[in-house]
Amino acid sequence: MLSMDSLSVKYLTETRRKLHALAELSGEEYKTSAFIVEELKRLGYKPKTIGTGVYCDVGGRGKRLAFRADIDALPIVENVDVTGCGAFAATGAMHACGHDGHTANLLNLARVLGGKSDVPLRLIFQFGEEGIGGSQTMIDGGVLDGVDEIYALHLCPELDEGKVGYCYGGMFAGCVEFDIAVRGKASHCAMPELGADAVRASVRIADAAYSAAEDRGLLINLGKLNGGAARNIVADACQSDYTLRFYDMNKCEAAMMEIERAALRSDDMFGTRHELITKAVYPPLINDALAVDKVREVMGEHAVEMPPRNTAEDFSNYLQHVQGCMVWLGIRSDGHDSPLHSDTFSFDERALATGTELFLRLIAARAL
């Protein structure tokens, strides 16, 4: 069985820092993609691309075991005074969700394999996880063709270094991101009967949206409402930006239908016109029980059960097609406990070695 070698920590550290310095936003990962392609070629692979995503195969023919890493960053300015990463921090973007670690780990797996495997494998470097659903584009491009099992990991600052966190069933919530644009008619507030108030209509819709979600046990948030021109003018336009989180797709669909009906009633009441615009839909991430069992078996006492979260992850799209699971990789250590998506997020690269070991053990288990 292949195992970690003495070069792994050095390679993980250097590669993570190179990727951290290249941090690029979703769909714009041109330098990051080019780096991955060149590194895979150097390691003896023949990478292919889908957009700015990259994948490669190793091993013979047959159904493939796949591993996925995401490669994009967030529009966050890094607080280098806290992270200590000033020497390799990017400008205007930051790997504040650990995708540089995910990618470094998968490249290290490729390096340890040395371009050879008795088990047919596919290594997937996915673009656009942060908000544009790059996984679906990768799937549409054929990245799952011939794959029957897939795994991924996600860095976890709440879990100790050296541990792997697992979750049976739902791990991440499904998510619908949608906007409601309301068009009305402006008038002076002293003569409201001459106008059609888009702000009042939007507020009425918001009340109904919260009721529709909460009555079904769903989580909804109106994160932004923008409308109106002046305090004494009836608003002729207003836009509301929502996110809805769920684990039951039927309840989500019922809530969205009720929100649409509420918007139609609001149009009748205020004389407005609305448009409900769906920006993104991620299904809930539901781990396959047998895949979780495999993780627990290969990691033994290093595997720890974790609760589900209401955040979203587009790895869920892969699990709609093939069995597999995502796990948490612990990175908590002295000085490294900042939350994901914060400008102070960082980690000790030595924690990534457990991720490579996990993937190697899953390959060995597949070979049995």
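The values are calculated or read from the model by the stated rules, or taken from the named source; none is laboratory data. In this text the structure is predicted, and so the values were computed from the model without any measurement. When we count neighbours, we look across all protein chains shown, and the Cβ atoms used for this are built from the backbone with ideal geometry, even at glycine. Ligands, DNA and RNA are excluded from the accessible area calculation, which covers all protein heavy atoms including side chains. Shrake-Rupley method; radii C 1.70, N 1.55, O 1.52, S 1.80 Å.
Among the candidates ASP57, ASP5, which residue alone is touching a residue at least 40 places away in the same chain (Cβ under 8 Å), in a loop (DSSP other than H, G, I, E, B) and either out of contact with any strand residue (DSSP E or B) (no Cβ under 6 Å at 6 or more places or on another chain) or not β-branched (Val, Ile, Thr) (or both)? Break it down into steps so the answer makes sense when it comes.
On the way: ASP57 fails: in a loop (DSSP other than H, G, I, E, B).
Sole residue among the options that is touching a residue at least 40 places away in the same chain (Cβ under 8 Å), in a loop (DSSP other than H, G, I, E, B) and either out of contact with any strand residue (DSSP E or B) (no Cβ under 6 Å at 6 or more places or on another chain) or not β-branched (Val, Ile, Thr) (or both): ASP5.
Can you tell me which condition ASP179 does not meet? The list is (1) open to solvent by 20 Å² or more (accessible area, probe 1.4 Å); (2) more than 17 Å from TYR318 (Cβ to Cβ); (3) of a type in the set (Asp, Glu), and all the others hold.
With respect to (1) open to solvent by 20 Å² or more (accessible area, probe 1.4 Å); (2) more than 17 Å from TYR318 (Cβ to Cβ); (3) of a type in the set (Asp, Glu), ASP179 is out only on (1).
A quick yes/no check of all residues on (1) touching a strand residue (DSSP E or B) at 6+ places or on another chain (Cβ under 8 Å); (2) among the acidic types (Asp, Glu); (3) open to solvent by 10 Å² or more (accessible area, probe 1.4 Å); (4) modelled with pLDDT of 95 or more:
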| site | (1), (2), (3), (4) |
| --- | --- |
| GLY53 | yes, no, no, yes |
| LEU65 | yes, no, no, yes |
| ILE71 | yes, no, no, yes |
| PRO75 | yes, no, yes, yes |
| ALA89 | no, no, yes, no |
| ALA93 | yes, no, no, yes |
| HIS102 | yes, no, no, yes |
| ALA110 | yes, no, no, yes |
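For (1) among the basic types (Lys, Arg); (2) within 16 Å of PHE359 (Cβ to Cβ), each residue gets a yes or a no:
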site	(1), (2)
VAL9	no, yes
LEU12	no, yes
ARG17	yes, no
ALA23	no, no
ILE36	no, no
LYS41	yes, no
TYR55	no, yes
ARG61	yes, no
ARG64	yes, yes
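Just the residues that are aliphatic (A, V, I, L, M), modelled with pLDDT of 95 or more and more than 19 Å from MET299 (Cα to Cα), please, taken from segment 117-170.
VAL119, LEU121, LEU123, ILE124, MET138, ILE139, VAL143, LEU144, VAL147
From (1) surrounded by fewer than 17 Cβ atoms within 10 Å (Cβ to Cβ); (2) over 23 Å from the mean Cα position of the chain (by Cα); (3) polar (S, T, N, Q), pick out the condition that doesn't hold for THR272.
Among (1) surrounded by fewer than 17 Cβ atoms within 10 Å (Cβ to Cβ); (2) over 23 Å from the mean Cα position of the chain (by Cα); (3) polar (S, T, N, Q), THR272 violates only (1).
Give segment 335-368 a look and list any residue that's assigned to a helix (DSSP H, G or I), open to solvent by 30 Å² or more (accessible area, probe 1.4 Å) and of a type in the set (A, V, I, L, M, F, W, C), or say none. Don't jump to the end; show me each part of the working.
Residues of segment 335-368 that are assigned to a helix (DSSP H, G or I), as a first pass: 349-367.
Checking which are open to solvent by 30 Å² or more (accessible area, probe 1.4 Å) leaves us with 350, 357, 361, 365-367.
Selection gives ALA365, ALA367.
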